[in-house]
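Written below as structure tokens is the structure these notes are about.
The values are calculated or read from the model by the stated rules, or taken from the named source; none is laboratory data. Everything numeric here is computed off the predicted structure, so don't read it as measured data. The area values use the complete protein model at the heavy-atom level, side chains included, leaving out ligands, DNA and RNA. Shrake-Rupley method; radii C 1.70, N 1.55, O 1.52, S 1.80 Å.
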Amino acid sequence: MKLLAAFILALLCPLLLPAQTNADELLPVKVNGLWGYMDERGRVVIQPQFQSAESFNGNLFAKVKQNGKPALINKSGKVTQLPISIQAQPLRENYLLIEQQGKLGVSDENLVTILPVEYNRIRYFENRTIPLWGNRTFVPTNEFIQVSYDTLWGLYDFEGTLILPQQFTYIFYNGKYFFTTNARAQKGVYNKAG
């Protein structure tokens, strides 16, 4: 009987508890033909002024169109106009992945260049839990940007400082050291200073 009661309670818990939401999430809303943003309580927090507005989707920026031009908006309502020739995607807090004519770069939220728009591929190490052996996990504390012109990767920090030159086929960061493999299958270990 206790087992049955526990089973029924487990089934009903999601219905009885309030849904977990991100109170900071803003949602696009259209009012009188223009788009703005409202919070999850339905209060308009960024006045409708855009021809189009995309969702933040957990990012700090969202794409909008203002006066027929592409722009980015942050959650406090600051609009950054984008040149028509470039595309921008949120990369991480206060940083954007910039694409122009098939090449990639990184800028801050004010479009100040961190890495020039010249790379074929960009990815970054983020703060996330990395499973190790057994029940152990590891969370790196620093973030770095991997860049590539072709098949070889290099590494920069978010201030644009070169950490590792583009000569590696593989780079793994454990929070303290970078483990690498180069094109000749030679392995190496580097610290944050390279």
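You can think of it this way: the chain between ASP150 and GLU99 has 16.7 nm of extra reach, that is 0.36 nm per residue less the Cα-Cα gap.
Ordered by 1.4 Å accessible area with all protein chains kept, ARG184, ARG121, ARG92 run largest first as ARG184, ARG121, ARG92.
With θ taken as phi - 60° and the Karplus curve 6.51 cos²θ - 1.76 cosθ + 1.60 applied, the whole-hertz 3J(HN,Hα) list for region 144-160 is 9, 10, 8, 10, 8, 8, 9, 9, 9, 10, x, 9, 10, 8, 7, 9, x Hz, x standing for glycine and proline. A 1.4 Å probe, protein heavy atoms only, puts the accessible area of TYR177 near 80 Å².
Note on LYS192: lysines with a C-alpha under 29 Å away, same-chain residues under 8 apart excluded, are LYS103, LYS176. Taking θ as phi - 60° and the Karplus parameters 6.51, -1.76 and 1.60, the scalar couplings of region 26-31 work out to 10, 10, x, 9, 9, 10 Hz in sequence order, x denoting glycine and proline. ASP157 exposes around 30 Å² of accessible area when a 1.4 Å probe is run over every protein chain in place.
Could you put LYS30, LYS63 in order of accessible surface area, largest first, with the 1.4 Å probe and the full protein assembly present? The partial results should precede the final answer.
Values: LYS30 120, LYS63 50 Å².
Result of the area sort, largest leading: LYS30, LYS63.
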